[in-house]
Amino acid sequence: MTVRTIDVRERVMAKNDELAVGVRRRLADAGVVSFNLVSSPGSGKTLLLERTLADLGEELGISVVTGDVQTQNDADRLARHTDRLVQAVVTNGACHLDARQVGVALDAIDLERTRLLFIENVGNLVCPASWDLGEDAKIVLFSVTEGEDKPLKYPKMFQQARYAVLSKLDLLPHVPFSVERAVEFARRVNPELQFFFTSSLLPDGLEEWYGFLRSQVRRRQAA
Ligand SMILES: Nc1nc2c(ncn2[C@@H]2O[C@H](COP(=O)(O)OP(=O)(O)OP(=O)(O)O)[C@@H](O)[C@H]2O)c(=O)[nH]1
Ligand SMILES: [Mg+2]
């Protein structure tokens, strides 16, 4: 008897990649810059977005899709800082968002009024690395409380990301953490990685980040 093996995972990924192409085209046609925020749970994705929405939400026309395994807590937190719809995706156990979910979420978002889209992925340093959501770039956060070795332990996420945010710098005096070593480890797995150093609790802790977002939106508008 012949044996036929169907690689379900490969088919699922191929389908996802196809849908991601559609999402990317849709966002490009609308002139929207899009970032997929990935990190381990609790690295500070939502607080970073809360502050970014409060400070730049109107100026940059920011919309957000946020994924959670079980609750819509993050969406509720974010909705307090904007009058735009914050689209929650509850994955019901899945450890990552996929392109289909993002496509459905986009149906509810006013892309005409959006110039910058953030997708907050499920907190997990493994699964989201493999899933293209149609974003322009993945941005990986990691905080000073996580240890410098995360890029070496979870290399795929750092390889897939174009940008890295080293977060919670306000805690640096309280934890044994070397910024130099963390950056060196990250660049070892991805020499192209561009870093931002942030604290969402210090008044001027996001200035460099804001400059980056403004320049990305400006560049897309000019294109
Ligand atoms: N000291 C300090 N705490 C922070 C900072 N950013 C976030 N936090 C705290 O870290 C905890 C987790 O922050 P969240 O923004 O919920 O993290 P998250 O990455 O969205 O978490 P998940 O969505 O569960 O993956 C909260 O208690 C935040 O107040 C920061 O810059 N400095
Ligand atoms: Mg969150």
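The values are calculated or read from the model by the stated rules, or taken from the named source; none is laboratory data. Keep in mind the model is a prediction, meaning the values are calculated, not measured. Here Cβ is always computed from backbone atoms with ideal geometry, including for glycine, and neighbour counts include all displayed protein chains. Surface areas here come from the heavy atoms of the whole protein model, side chains and all, with no ligands, DNA or RNA. Shrake-Rupley method; radii C 1.70, N 1.55, O 1.52, S 1.80 Å.
Just one of the listed residues (LYS150, LYS156) is within 28 Å of VAL189 (Cα to Cα), away from ligand 2 (no atom under 16 Å from the Cβ) and surrounded by fewer than 21 Cβ atoms within 10 Å (Cβ to Cβ), and it is LYS156. Do we have any residue at all in region 202-214 that's surrounded by fewer than 18 Cβ atoms within 10 Å (Cβ to Cβ), outside any helix (DSSP H, G or I) and within 17 Å of the chain's Cα centre (by Cα)? Taking every residue of region 202-214 in turn, none turns out to be surrounded by fewer than 18 Cβ atoms within 10 Å (Cβ to Cβ), outside any helix (DSSP H, G or I) and within 17 Å of the chain's Cα centre (by Cα).
Residue by residue, here is whether (1) touching a Lys or Arg at 6+ places or on another chain (Cβ under 9 Å); (2) in a loop (DSSP other than H, G, I, E, B) holds:
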residue	(1), (2)
VAL21	no, no
ARG26	no, no
ASN36	yes, no
SER40	yes, yes
ALA54	yes, no
THR66	yes, no
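Out of VAL23, VAL33, report the one residue that is β-branched (Val, Ile, Thr), farther than 27 Å from LEU169 by Cβ, at pLDDT 95 or above and open to solvent by less than 60 Å² (accessible area, probe 1.4 Å). Lay out the reasoning, then the answer.
Values: VAL33 fails: farther than 27 Å from LEU169 by Cβ.
Only one candidate passes the filter, namely VAL23.
How many residues are open to solvent by 10 Å² or more (accessible area, probe 1.4 Å) and either polar (S, T, N, Q) or within 14 Å of ligand 1 (Cβ to nearest atom) (or both) when one looks only at region 126-137? Total satisfying the criteria: 3. Among the residues of region 67-78, is any open to solvent by less than 10 Å² (accessible area, probe 1.4 Å), more than 21 Å from ALA164 (Cβ to Cβ) and either in contact with a strand residue (DSSP E or B) (Cβ under 8 Å, 6 or more places away or on another chain) or touching a residue at least 40 places away in the same chain (Cβ under 8 Å) (or both)? For region 67-78, residues open to solvent by less than 10 Å² (accessible area, probe 1.4 Å), more than 21 Å from ALA164 (Cβ to Cβ) and either in contact with a strand residue (DSSP E or B) (Cβ under 8 Å, 6 or more places away or on another chain) or touching a residue at least 40 places away in the same chain (Cβ under 8 Å) (or both): present. Identify the residue in region 103-114 that is surrounded by 15 or more Cβ atoms within 10 Å (Cβ to Cβ) and in contact with a strand residue (DSSP E or B) (Cβ under 6 Å, 6 or more places away or on another chain) and, among all such residues, is farthest from ASP68 (Cα to Cα). Selected residue: THR114. Of all the criteria given as (1) open to solvent by 40 Å² or more (accessible area, probe 1.4 Å); (2) not in a loop (DSSP other than H, G, I, E, B), the one not satisfied by PRO191 is (2). Per the conditions (1) under 16 Å from GLY42 (Cα atoms); (2) touching a helix residue (DSSP H, G or I) at 6+ places or on another chain (Cβ under 7 Å), the sole criterion not satisfied by ASN73 is (2).
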